[in-house]
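Asker: So that we are looking at the same thing, I have put the structure below in structure tokens.
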Amino acid sequence: MADQSIIRITKELSDLQRHSDLSLAVACKDADVRYVKALIVGPHETPYEFGFFEFAVKFNKGTTAASWSSVPLPLEPVADSCSFSLEYPRKSPQVTGTTTNGGRCRFNPNIYASGKVCLSILGTWRGERGEEWSAAQGLESILLSIQSLMSANPFENEPGYEDSNGPEDKKLQKAYVQKIRHESLRISVIQRMEEYLNIDIDGKVSLATQEDKEDYDLMNSDDETNVPFEPFKDLCKRRFLWYYESYLAAIQNAKEEVKDSQPFMKMPFECTSNTMDGKFNYTELERRLRTIKKTLDDEAIRWAGEGLAAKAAESTVAVNLQRQYEQVVELYKQTDTPHDVQLVDNNPFVWSLTYFGKPMTNLDGALLRIVLRLSPRFPEEQPRVTFETSIFHHRISPDGTPCYTQTNTRREDIKSHLDAIIETLEEENPPYDPRTLVFPEAFKLYWGKPEDRRVFSRRLRRSAQQSVE
């Protein structure tokens, strides 16, 4: 691959990773930018809503680098046929969908069960003049094009069905949306999270964690291609906590439309090897979803004990976190910051932030306790944050999980997390972003009519007052 191609790809990856896009993520194994994984979070108000859809991207047909077909992925292997042209960006790369339930689920008319993605810019579908690939496009434009396929009515993506509006067409469209919503939850969210957390089919959790196994393999294997490459594992865990309430709401709404054991309706464009077959079972999905939530909560609590062990062993992470805590405390004193930071049980892996509400705002008089739990594998695993004081806020879920972002370049800096949490709490005029929907009721009021916003403000002020009662 020409040096200019590597420079171009590296810059594109860097730009995507540096920006805090809440619906796209990319990663490459080690420094080999020719082999990329990408994650697309399903758009709001579509049957793909907040699902985790993974794609494999390769920039090279050569055999100098290991093929991902030999690397275990969270759910299934990547097809060998997925490769990139040597002539990027003059020619487009090839992209393969890997969230397919082992090649058994076609999530979209343009995303096949085999993983093939039909897009004119990829050269996998005939398009109109001007829709083909150009060197001015890049990885981000490809991912956004794929994301645009995940529409509210994906039925119309199938050629020949774009303008289908008859009664039978409406029935098929509704049935298609219903089964995509079910499988998005079952495969892209629940199945993926169960794999990450070692939850078996009966809901039992293995305490011999996959992380321990991976650490052992890394230390004892000379062949790194045998080590699972799961760059989105922590990201998906944190996003799951963000969107948990939305997943539950989707299940409750779907239960009113379909019954358990009701079979999926087959679409006219689906064939035997390229379809989405199955039956609805939202009762089971809800049980599995709640098990995942509890397992994630338990995992963060276990970090405290692991952290004390790491502190006793004077691990690098423990020493670093202790030093960061001392620096934050000193900085708060020097700048007369009204908030207070403590270590819970003198454990550098559990921080407690006491937030004092900003005067002359809806938070005036609030006294909130916020706990940050950190993993011994920090910063690879980012903090799990919980508002232990209840507060009615559109960016804080009912269970206290805040939806905040901070720059990826400072992910190892705890102060940047504290600043981002406070900024999220106090932000007065945030831009509308449905990807931050973590508390459906509060979100709907905040972004509703003027009267809805006034109701939101009253409830926020009331919860702020109740925080000191």
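Asker: Considering only the other residues whose Cβ falls under 14 Å of the Cβ of residue 39, what net charge follows from Lys and Arg at +1 and Asp and Glu at -1? Before the final figure, lay out the partial values.
Answerer: Numbers: positive: 37, 192, 233, 237, 238, 239, 435; negative: 21, 54, 140, 230, 234.
Residues close to residue 39 contribute a combined charge of +2.
Asker: If you roll a 1.4 Å probe over the chain with all protein chains in place, what percent of the accessible area is carbon or sulfur? List each step's numbers first, then the result.
Answerer: Values: 10990 of 22110 Å².
Percent of accessible area from carbon and sulfur atoms in the chain: 50.
Asker: Quick check: from the Cα gyration tensor, does segment 100-201 come out rounded (a/c under 1.5), prolate or oblate?
Answerer: oblate
Asker: Something else: Round to a whole angstrom and tell me the spacing of the C-alpha centers of segment 139-197 and segment 242-308.
Answerer: So the separation of the two Cα centres works out to 16 Å.
Asker: Given the Cα-Cα distance of residue 272 and residue 354 and 0.36 nm per residue of separation, how much length would full extension add, in nm? Kindly include the intermediate steps, with their values, before the conclusion.
Answerer: Values: separation 82, 0.36 × 82 = 29.52 nm, distance 5.80 nm.
Taking residue 272 through residue 354 to full extension adds about 23.7 nm, to one decimal.
Asker: Restricting everything to alpha-carbon atoms, can you work out Rg to Rh for segment 340-469 with a Kirkwood hydrodynamic radius? Could the numbers behind the result be given before it?
Answerer: On the way: Rg = 15.0 Å, Rh = 15.4 Å.
Taking Rh as the inverse mean 1/r over Cα pairs, Rg/Rh reads 0.97.
Asker: I need the calculated FRET efficiency for the pair residue 346 and residue 22, taking r as the beta carbon distance and R₀ as 25 Å, to the nearest 0.05.
Answerer: With a Förster radius of 25 Å, E is 0.10.
Asker: By how many degrees, between 0 and 90 and to the nearest 10, does the Cα long axis of helix 414-426 differ from the longest principal axis of the chain?
Answerer: Once rounded, the angle reads 90 degrees.
Asker: Continuing with the same structure: At q = 0.09, 0.10, 0.11, 0.12 Å⁻¹, work out log10 I(q)/I(0) for the chain with the Debye formula, treating every Cα as an identical point scatterer and leaving solvent out; two decimals please.
Answerer: Evaluating at q = 0.09, 0.10, 0.11, 0.12 Å⁻¹ gives log10 I(q)/I(0) of -0.67, -0.83, -1.01, -1.18.
Asker: Helix 233-255 against the longest principal axis of the chain: what's the angle in degrees, Cα atoms only, rounded to the nearest 10?
Answerer: 70
Asker: Any idea what angle helix 139-149 forms with the longest principal axis of the chain, computed on alpha-carbon atoms, 0 to 90 degrees, nearest 10?
Answerer: With both axes taken from Cα atoms, the answer is about 80 degrees.
Asker: Could you pull out the pairs from 204/237; 91/233; 58/116; 58/237 whose alpha carbons sit more than 24 Å apart here?
Answerer: Numbers: 204/237 18 Å; 91/233 31 Å; 58/116 13 Å; 58/237 26 Å.
Pairs exceeding the cut-off: 91/233; 58/237.
Asker: Rounded to the nearest 0.05, what FRET efficiency do residue 10 and residue 164 have when you use their Cβ-Cβ distance and R0 = 41 Å?
Answerer: Efficiency computed from Cβ-Cβ geometry: 0.40.
Asker: Still on this structure: Taking all protein chains together and a probe of 1.4 Å, list 121, 6 from the most accessible to the least accessible. Could you put the intermediate results ahead of the total?
Answerer: Numbers: 121 15, 6 65 Å².
Putting 121, 6 in descending order of accessible area: 6, 121.
Asker: Moving on to the next point. To the nearest Å, what is the center-to-center distance of segment 384-452 and segment 9-32, using C-alpha atoms only?
Answerer: A separation of 24 Å, based on Cα centres.
Asker: Now for a separate question. Checking the cross-link filter: which lysines have an alpha carbon closer than 20 Å to that of residue 174, excluding same-chain neighbours under 8 positions apart?
Answerer: 255, 259, 266, 279
Asker: Counting every Cα pair in segment 417-469, what percent are over 17 Å apart? Can you show the working numbers first?
Answerer: Details: 613 of 1378 pairs.
Within segment 417-469, distances greater than 17 Å cover 44 percent of Cα pairs.
Asker: Still on this structure: Helix-only mean residue ellipticity at 222 nm, the chain, DSSP H runs n ≥ 4 weighted -39,500 (n - 2.57), per residue, nearest 500. What is it?
Answerer: Numbers: 11 runs with 171 residues, N = 469.
Result for the chain, helices only: -12000 deg cm²/dmol.
Asker: Something else now. How far apart, in nanometres, would the label points at residue 255 and residue 141 be if each is projected 7 angstrom from Cα along the Cα-to-Cβ direction?
Answerer: So the label points at residue 255 and residue 141 sit 4.6 nm apart.
Asker: If you don't mind, there's one more thing I want to ask. With 5 Å bins from zero, work out the P(r) of segment 309-381 over every alpha carbon pair and list the percent per bin.
Answerer: In order of increasing distance, the bins hold 3, 15, 22, 22, 15, 11, 7, 3, 1, 0 percent.
Asker: Taking only protein heavy atoms and a 1.4 Å probe, what accessible area per residue, in Å², does the chain have with all protein chains in place? Write down the numbers at each step before the final one.
Answerer: Details: 22110 Å² over 469 residues.
Here the residues of the chain average 47 Å² of exposed surface.
The values are calculated or read from the model by the stated rules, or taken from the named source; none is laboratory data. As the structure is a computational prediction, the values presented were derived from the model and not from experiment. FYI the Cβ positions are ideal-geometry reconstructions off the backbone, even for glycines, and counts take in every protein chain you see. Heavy atoms of the whole protein, side chains included, go into the accessibility calculation; ligands, DNA and RNA do not. Shrake-Rupley method; radii C 1.70, N 1.55, O 1.52, S 1.80 Å.
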